[in-house]
Structures are given as structure tokens and as C-alpha cells.
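The values are calculated or read from the model by the stated rules, or taken from the named source; none is laboratory data. Every value quoted in this text rests on a predicted model; they were computed, and no experiment measured them. Reconstructed Cβ throughout: ideal geometry from the backbone, glycine too, with neighbour counts over all protein chains shown.
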Amino acid sequence: MTRPQDRPADDTSAVDEVVDLCSELIRIDTTNTGDPDTVTGEREAAEYVAAKLTEVGYEIEMVESGAPRRDNVFARLPGSDPSRGALLVHGHLDVVPADASEWSVHPFSGAVQDGYVWGRGAVDMKDMVAMTIAVARRFKRAGVVPPRDIVFAFLADEEAGGAYGAHWLTKNRPDLFEGCTEAVGEVGGFSLTLAEDRRVYLIEAAEKGIAWMRLHARGKPGHGSFLHDDNAVTHVAEAVARLGNHTFPLTLTDTVRAFLERMSELTGLEFPEDDLEGSLAKLGPLSRIVGATIRDTANPTMLNAGYKANVIPSTAEAVVDCRVLPGRQEAFLREVDELLGPHVTRSWVTDLPPVETEFAGPLTDAMAAALRTEDPTAETVPYMLSGGTDAKAFAELGMACFGFAPLRLPPDLDFASLFHGIDERVPVDALQFGTRVLDTFLRSS
């Protein structure tokens, strides 16, 4: 294991530039609306990353992934043992939309004030992209040879499911990931304060599946003043209400069980299954993240029907955001079909499987050791993400995937609310902490 005192004297270079890198990345508006015709900025961000890497001597490959201006950047740093599987370090360049009128600062200002870097992407995930670039640049300048090959990947389209990013790349350019057996990306490595000087760091070892489902109903069209017992809008509305009000069964996966057991050891809290929601509330804001991973969910998000107030349409549609636990796919669909009833059919807008990786082995040991070089009391705990990441694509290539974007956070910061939220921001000292941890981790993994 590399200790901080073992690093060369110019080790501060990555820490010194990571804040500027993060701010500059945020200022490149890479809003991903999900509509390819309105996506902006991914090529400009990729060109920025490519310039930063080529400046210090990397040979990069810039790849357009299935549509114009959906660009991705790859660089490989050879390791001392080419017989070992390579490590993929990945981050996405796109962000979700932001309404400037709702923010304290402009969401694409990259403002550095009050001890934070502000803007859309500050935690999702231009912070990790900046840390990765900073460490990659320092390694090249200092001639660092890691234990094994590291593949750095900066990707498009994650915020819309990765069809024009990671999934296109794994299907069409698997050679870019040659030899990669493990991967690290978002969302993990962030701290939760247990006591004044005692923190746990949550490492993502699993994530729910994403199943965006479109519901379809057909009925008899007609005049709005007549009696109608076959109304497409009614059929869809009733199905949406049944789904939205339904509680799926409590299901504890291996990762969630490991989280609860470890947190019980560290805190003394108990998490009985007959009152799991109530006991999770003791975890504060974290309970929202964990609470969403103990059952499947099906949340209606969109409705579309009709064209005039007095005309009953022949069709109606809805979209439901479904998140499915590992091992629950077949049972979930059976339950959904019962709830939909006879008049409504379903199809998929997006269907990406769950991911779960055993939280054990040299890579997770290296994460824990790297964190302890900067926070001696650090404890690592696996958890499941209720959302999804590009790990879904890389798991299809057989990689063991983890979320590890290390940040030591203020105890009172509601970190979960910042993802896709208003006034998204990352603490400056957390960025610098994460850069030091990532440096140590990549040297020793």
C-alpha cells in the first residue's frame, strides 16, 4: 500500500488543480434531455478532457457513440503487471437539465464560493471526472506505473440510460475495454458521520434495474357527452393508480443485508424486518437511499391522451419508472401484469438489468486502505443504489463493478438531495480529499 509520505514531492499538483478542473467542466453545458436532437455540449466536454490528457502525454482515442457529437474519450495507462486484469475508471460527461431561475447561482457557472464548487454536475458526476483527470495527469507527469493497466473512460449519455454511450460502446467497441476485469465509477465512497470523528464510507456494490415502462390502452372513441364503459383514458388512469399505490414485497438482497448488518455493528442500532422502514429512519437523510432498495418500485411519471375536451380518444398512454431488485425481475413482471388488468398492455422504453457484485477481495480492501490514509477511522460499508449507472453496461462484459468516488462530507450536508437537485454543489475540501484518496487507491489496486 502506498502511503501519503511515500509519494513524490510534487504530489500536491493533482490536489491543486482539481477544483479548477471541476469548475471548468461544469461551465461546459452538457445537458442531456433524453432527446438526441436537443442534447448539447458532450463533444465540447470530450474535447476538453482530451486536451487535458494529451497535454501531459497520453495517447487518447475519441469515439463517437452511435450519433453525431455523442463523444467519448479513452486513455490507457500501462501497469507493471500486464498479466493482471485491467481496471476501468469511468465517468460520464453529461448532466440532467437545470432551471436557472430556481438556483442561488447559475447552474452552469461553476462558481467557487462558500467552500463549495456549485453547478449542475458538481456531484453527478463532474467531481469524479475532475478527480480522475487530476490524478491521471499527475501519474503521467510523475511517471507513475500502477500495478496493472488502468483504462480511463469519459462517457456520453449516462443520464438517458447510455444507449448513445456505454451500452453502444460495449456492443460496438468492446476492444476499448480489452482486459478490464473490474470497474469503478459513481455513486459511492462518500461519507456518513456517525460521531464527531468517526465516519463510514458507503461503497456501491449493487444497483436496481431500470425498467421504464410504457402503458397502452385502447377504447371506443366518441362524444364526451355520451355514456362510455370502454374509455381508454379511464383504463390507463385506473392502471396507473393501482401501480402507483401498490407496495411491493419487502426483499432483502445480499448487499442490503450486508449493509444492515455492518451498520448495526458500527452503530448498535437494530433493523428488524417487521419495522424496517421505521428503523431506517434513524439513519437520517440516508434512509431515503436505503429505503428505496428494500422493495421494487413503480412510480408513474407521464400521461398522454386525448386532443379535445369533448372527444373521448381511442388510445391513452402512460409511462412508469420501475426499479427492480436483483433476482426479482420475473416476480415483478407477474405482479405488474396482475395490477394492469385486461385493458392495458405494456412495452419497454428502457429495460436495464440490476447489478450486484460481492463486496470482498483485493479491490475493496484497497478502497478501505486508501480511505484510511486520509481518514484513519474510516469504515467501508457496501450499499445498493436505487438508481442506475453505466456499470450496467460494463457488467455485461463480465466486469465486477463498484461505485467509488471518494468524498469526505460535512455531517450536516444532505448529500442525497443534491443529485439532480437545485443548488447542486460539492465541498472544495471533499474534492481535494477525494483526489488524494483516488491517487492512493489507483497506485495500490
Within the range 399-432, restricting to residues that are in a strand (DSSP E or B) and in contact with a helix residue (DSSP H, G or I) (Cβ under 8 Å, 6 or more places away or on another chain), the one that is surrounded by the most Cβ atoms within 10 Å (Cβ to Cβ) is VAL426
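Between SER101, SER109, which is over 22 Å from GLY179 (Cα atoms) and either assigned to a helix (DSSP H, G or I) or free of Cβ contacts under 8 Å to residues at least 40 places away in the same chain (or both)?
Working: SER109 fails: either assigned to a helix (DSSP H, G or I) or free of Cβ contacts under 8 Å to residues at least 40 places away in the same chain (or both).
None of the others qualify; the one that does is SER101.
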query = Is it the case that THR345 is modelled with pLDDT under 95 and surrounded by fewer than 20 Cβ atoms within 10 Å (Cβ to Cβ)?
reply = no
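For every residue, the table says whether it meets (1) surrounded by 15 or more Cβ atoms within 10 Å (Cβ to Cβ); (2) within 15 Å of TYR48 (Cβ to Cβ); (3) basic (Lys, Arg).
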| site | (1), (2), (3) |
| --- | --- |
| PRO82 | no, no, no |
| ALA86 | yes, no, no |
| GLY91 | yes, yes, no |
| TRP103 | yes, no, no |
| GLN113 | no, no, no |
| ASP127 | yes, no, no |
| ARG137 | yes, yes, yes |
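Check GLY189, GLY162, GLY209 and return the single one that is closer than 18 Å to ALA405 by Cβ and in contact with a Pro (Cβ under 6 Å, 6 or more places away or on another chain).
Details: GLY162 fails: in contact with a Pro (Cβ under 6 Å, 6 or more places away or on another chain); GLY209 fails: closer than 18 Å to ALA405 by Cβ.
Criteria check complete, one pass: GLY189.
Within the range 433-440, can one find any residue that is surrounded by fewer than 16 Cβ atoms within 10 Å (Cβ to Cβ), in the same structural domain as GLY121 (by TED's automatic domain parsing), in a helix (DSSP H, G or I) and of a type in the set (Gly, Ala, Ser)? I'd like the intermediate steps shown before the answer.
Initial filter on the range 433-440 (surrounded by fewer than 16 Cβ atoms within 10 Å (Cβ to Cβ)): none.
The answer is no, given that none of the residues of the range 433-440 is surrounded by fewer than 16 Cβ atoms within 10 Å (Cβ to Cβ), in the same structural domain as GLY121 (by TED's automatic domain parsing), in a helix (DSSP H, G or I) and of a type in the set (Gly, Ala, Ser).
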Checking THR389, THR380, THR373 in turn, the sole residue that is farther than 30 Å from LYS220 by Cα, of a type in the set (Ser, Thr, Tyr) and in a helix (DSSP H, G or I) turns out to be THR373
Only one of (1) basic (Lys, Arg); (2) assigned to a helix (DSSP H, G or I); (3) under 30 Å from GLU317 (Cα atoms) does not apply to ARG346, and that is (2)
Inside the range 380-398, the number of residues satisfying the requirement of being of a type in the set (D, E, K, R) and crowded, with 20+ Cβ neighbours inside 10 Å is 2
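Within the range 76-98, track down each residue that is closer than 14 Å to GLY41 by Cβ and part of a loop (DSSP other than H, G, I, E, B). So that I can check it myself, show each step before the final result.
Restricting attention to the range 76-98, the residues satisfying the condition of being closer than 14 Å to GLY41 by Cβ are 92-98.
Within the range 76-98, LEU93, ASP94, VAL96, PRO97, ALA98 meet the criteria.
Suppose the filter is buried (at least 19 other Cβ atoms within 10 Å of the Cβ) and either in the same structural domain as PHE415 (by TED's automatic domain parsing) or not small (Gly, Ala, Ser) (or both); does LEU352 pass it?
On the way: buried (at least 19 other Cβ atoms within 10 Å of the Cβ): yes; either in the same structural domain as PHE415 (by TED's automatic domain parsing) or not small (Gly, Ala, Ser) (or both): yes.
In short, yes.
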Those residues of the range 155-172 that are surrounded by 24 or more Cβ atoms within 10 Å (Cβ to Cβ) and either free of Cβ contacts under 8 Å to residues at least 24 places away in the same chain or assigned to a strand (DSSP E or B) (or both) come to a total of 1
Note on the range 48-71: residues under 21 Å from ASP127 (Cβ atoms) and out of contact with any Lys or Arg (no Cβ under 9 Å at 6 or more places or on another chain) are TYR48, VAL49, ALA50, ALA51
Of (1) surrounded by 15 or more Cβ atoms within 10 Å (Cβ to Cβ); (2) modelled with pLDDT under 95; (3) not charged (D, E, K, R), SER225 fails just (1)
Listed by first then second residue, the pairs whose first member lies in the range 421-440 and is in contact (Cβ under 8 Å) with a residue 40 or more places away in the chain, whose partner is surrounded by fewer than 21 Cβ atoms within 10 Å (Cβ to Cβ) and polar (S, T, N, Q), with beta carbons under 6 Å and at least 6 positions apart or on separate chains, are ASP423/SER104; THR440/THR2; THR440/THR373
GLY278 fails exactly one of (1) under 25 Å from the mean Cα position of the chain (by Cα); (2) surrounded by fewer than 19 Cβ atoms within 10 Å (Cβ to Cβ); (3) assigned to a helix (DSSP H, G or I); (4) small (Gly, Ala, Ser), namely (1)
Considering the range 52-75, residues that are touching a strand residue (DSSP E or B) at 6+ places or on another chain (Cβ under 9 Å) and outside any strand (DSSP E or B), and then whichever is nearest to ALA100 (Cα to Cα), we arrive at ARG70
Pairs returned, first residue in the range 393-405 that is more than 23 Å from ASP127 (Cβ to Cβ), second residue that is crowded, with 20+ Cβ neighbours inside 10 Å and aromatic (Phe, Trp, Tyr), beta-carbon separation under 9 angstrom, 6 or more apart or interchain, are LEU397/PHE177
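Based on what the data block shows, is SER347 of a type outside the set (D, E, K, R) and closer than 28 Å to GLU182 by Cα? Explain how you work it out, then say what you get.
On the way: of a type outside the set (D, E, K, R): yes; closer than 28 Å to GLU182 by Cα: no.
No, not satisfied.
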Taking the range 70-104 and keeping only residues that are in contact with a helix residue (DSSP H, G or I) (Cβ under 7 Å, 6 or more places away or on another chain) and aliphatic (A, V, I, L, M), one is left with VAL73, ALA75, LEU77, LEU88, VAL89, LEU93, VAL95, VAL96
